[in-house]
Amino acid sequence: MPIKLVLCGIVLVCGLTAGTWYYVTPKYTKVRYQPIQPVPFPHDIHVTQLGMDCRYCHSFVEVAAHSNVPNTQLCMNCHTQVQKDNPKLEPVRASWKTGDPIDWVWIHRTVDYVYYNHAAHVNRGISCFSCHGPVNHMPVVYQAKPHSMAWCLECHRHPENFLRPEDEVFNLDWKPEDVKPVAFVAKYGQPRDAPEDLSKKKKLTQAEIGQTLKERWNITPPQNCQGCHR
């Protein structure tokens, strides 16, 4: 019996270790996954240096459940004039001539059994940054967040930790310190249980901003299975 107990204990410990090693590591969650694309698209140049808005390329994000990658026509709006002879853009020019789409490699792709609506999130104060990280500073895009169920539930249970004003959703460099307390309170009010007048503070915290917006917009994300697994 003691030998059997020892052997069972060893098997149990090894199983738990192996499960944790696989399921709680970047290899499983694809964090830092950075595939080579058919065309190099440096987001840091297009967004940070040139000032392009996320919605120029991902134009469905505010109105559809699924965001979109840009088609060749969109790329050629600029590149018929800008860098038109750059050899790195040959796949774009070939796509333009043949009509065949560019074979982009998907990075952020939700599994089929999970329902996720982009429009519902960005229209209620969840920034691209919360799910995709500092894409505006990425020469090559990689997956910055795990997108696991536990990670999603962290936001659904405490949305106040992630909410921001709707006009800052696509500003990936936004910080809570950027908010002007007087203007913010005048527009959104403040939490019911706030211990002080937030408009008189020099700076607002993420918790104060988030709780205000959570109450203002009546945000109650689902935490049951049916919310995401429909």
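Residue 135 meets the conditions (1) out of contact with any Pro (no Cβ under 8 Å at 6 or more places or on another chain); (2) of a type in the set (A, V, I, L, M); (3) open to solvent by 40 Å² or more (accessible area, probe 1.4 Å) in every case but one. The failed one is (3). Summed over the stretch 174-202, residues that are without any contact (Cβ under 8 Å) to a residue 40 or more places away in the chain and closer than 26 Å to residue 132 by Cβ total 7. Residues in the stretch 93-105 that are assigned to a helix (DSSP H, G or I), open to solvent by less than 90 Å² (accessible area, probe 1.4 Å) and either of a type in the set (A, V, I, L, M, F, W, C) or within 18 Å of residue 127 (Cβ to Cβ) (or both): 94 alone. Can you tell me which residue in the stretch 76-92 is most open to solvent (accessible area, probe 1.4 Å), limited to those that are touching a residue at least 12 places away in the same chain (Cβ under 8 Å) and either in contact with a His (Cβ under 9 Å, 6 or more places away or on another chain) or of a type in the set (Gly, Ala, Ser) (or both)? Going through the qualifying residues, I end up with 89.
Quick grid of which residues meet (1) within 18 Å of residue 161 (Cα to Cα); (2) at pLDDT 95 or above:
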residue: 183; (1), (2): no, yes
residue: 187; (1), (2): no, yes
residue: 198; (1), (2): yes, yes
residue: 213; (1), (2): yes, yes
residue: 216; (1), (2): yes, yes
residue: 226; (1), (2): no, no
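Checking each residue of the stretch 118-137 against the condition of being under 30 Å from residue 226 (Cα atoms), modelled with pLDDT under 95 and of a type in the set (S, T, N, Q) gives no match. Hey, any hits in the stretch 61-70 for a residue that's open to solvent by less than 90 Å² (accessible area, probe 1.4 Å), within 25 Å of residue 213 (Cα to Cα) and free of Cβ contacts under 8 Å to residues at least 24 places away in the same chain? Scanning the stretch 61-70 turns up no residue that is open to solvent by less than 90 Å² (accessible area, probe 1.4 Å), within 25 Å of residue 213 (Cα to Cα) and free of Cβ contacts under 8 Å to residues at least 24 places away in the same chain.
The values are calculated or read from the model by the stated rules, or taken from the named source; none is laboratory data. None of the values given here were measured: they were computed from a predicted structure. Note: ideal-geometry Cβ built from the backbone for every residue, glycine included; neighbour counts use all protein chains shown. Ligands, DNA and RNA are excluded from the accessible area calculation, which covers all protein heavy atoms including side chains. Shrake-Rupley method; radii C 1.70, N 1.55, O 1.52, S 1.80 Å.
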